[in-house]
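Presented below is the structure to which this report refers.
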């Protein structure tokens, strides 16, 4: 993977940052697309192997600008990992605010669509690409009091399967992972009751480690994965294995 070029959205923290580190260890040059101000400082610590790109994945113009900046700075991406996402509030469907529903959908699902769409043509032209979209176990099972998050992540799974089939004739793999909860800053958006609920559903009895998630993700976007596409990799600690 030496000198390959990757885009990682949400690379400033959590699973996204763990993926950035794992890719750099394999010689990949990384563009971290994020709105977080810490993104610039974090990427500067990687001695030129990473660049910070300010990007709002829910905004089409911002995504287009981020892609052009990445191409101008590093080159056409070989790899895309979509990690940017929000949890949204915990509320029942009957009480869920529509504006907050739209925000979760715009970031988690529309953002994943926009970033996939902007990166695919360059991969087709190169005749090579690897895409990994981060969904969630909530997208398979649906968590109560998290309707927008669950629905958005179910959409990411469907998008991944559709795009994977579209690109199957090329050397472009499109897969997703469905993690159970990892103790990242996204917990700040959740009630303790909801966090306890998620943990109670994991047979392993612990939360996912971001480094373990990164290892599976990096394999999926490596040349070693030359066959599997439109697939869903389970990272739920035994909660769901389908």
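Where a number appears in this text, it was derived from the coordinates with a stated rule and is not lab data. Not measured: the values here are computed from a predicted model. Neighbour counts run over all protein chains shown; Cβ positions are idealised from the backbone, glycine included.
Filtering segment 19-45 to residues that are free of Cβ contacts under 8 Å to residues at least 24 places away in the same chain, in contact with a strand residue (DSSP E or B) (Cβ under 9 Å, 6 or more places away or on another chain) and in a helix (DSSP H, G or I) leaves 40, 41, 44.
Can you tell me which residue among 16, 48 is over 18 Å from residue 65 (Cα atoms) and free of Cβ contacts under 8 Å to residues at least 24 places away in the same chain? Result: 48 is the single residue among 16, 48 that is over 18 Å from residue 65 (Cα atoms) and free of Cβ contacts under 8 Å to residues at least 24 places away in the same chain. In the condition set (1) closer than 19 Å to residue 176 by Cα; (2) in contact with a helix residue (DSSP H, G or I) (Cβ under 7 Å, 6 or more places away or on another chain); (3) part of a helix (DSSP H, G or I), residue 67 is compliant with all but (1). Once segment 92-103 is narrowed to residues that are within 24 Å of the chain's Cα centre (by Cα) and either in contact (Cβ under 8 Å) with a residue 24 or more places away in the chain or surrounded by 10 or more Cβ atoms within 10 Å (Cβ to Cβ) (or both), the residue that is nearest to residue 142 (Cα to Cα) is 101.
Restricting to segment 125-143, give me the number of residues that are over 18 Å from residue 207 (Cβ atoms) and in contact (Cβ under 8 Å) with a residue 40 or more places away in the chain. If you could, list the steps in order and put the result at the bottom.
Let us first name the residues in segment 125-143 that are over 18 Å from residue 207 (Cβ atoms), namely 125-133, 142.
Narrowing further to those that are in contact (Cβ under 8 Å) with a residue 40 or more places away in the chain: 125-133.
The number of residues fulfilling the criteria is 9.
From the list 76, 57, the one residue that fits, being assigned to a loop (DSSP other than H, G, I, E, B) and either at positive phi or under 14 Å from the mean Cα position of the chain (by Cα) (or both), is 57.
Out of all the residues in segment 151-160, which are surrounded by fewer than 22 Cβ atoms within 10 Å (Cβ to Cβ) and within 15 Å of the chain's Cα centre (by Cα)?
So in segment 151-160, the residues surrounded by fewer than 22 Cβ atoms within 10 Å (Cβ to Cβ) come out as 151, 154-155, 157-159.
If the condition is that a residue be surrounded by fewer than 22 Cβ atoms within 10 Å (Cβ to Cβ) and within 15 Å of the chain's Cα centre (by Cα), then 154, 155, 157, 158, 159 are the ones that fit.
Looking across segment 168-189, the residues that are part of a loop (DSSP other than H, G, I, E, B) and out of contact with any helix residue (DSSP H, G or I) (no Cβ under 8 Å at 6 or more places or on another chain) come down to 168, 169, 171, 183.
Looking only at segment 201-225, residues that are farther than 12 Å from residue 175 by Cβ and either part of a loop (DSSP other than H, G, I, E, B) or free of Cβ contacts under 8 Å to residues at least 40 places away in the same chain (or both) come to 12 in all.
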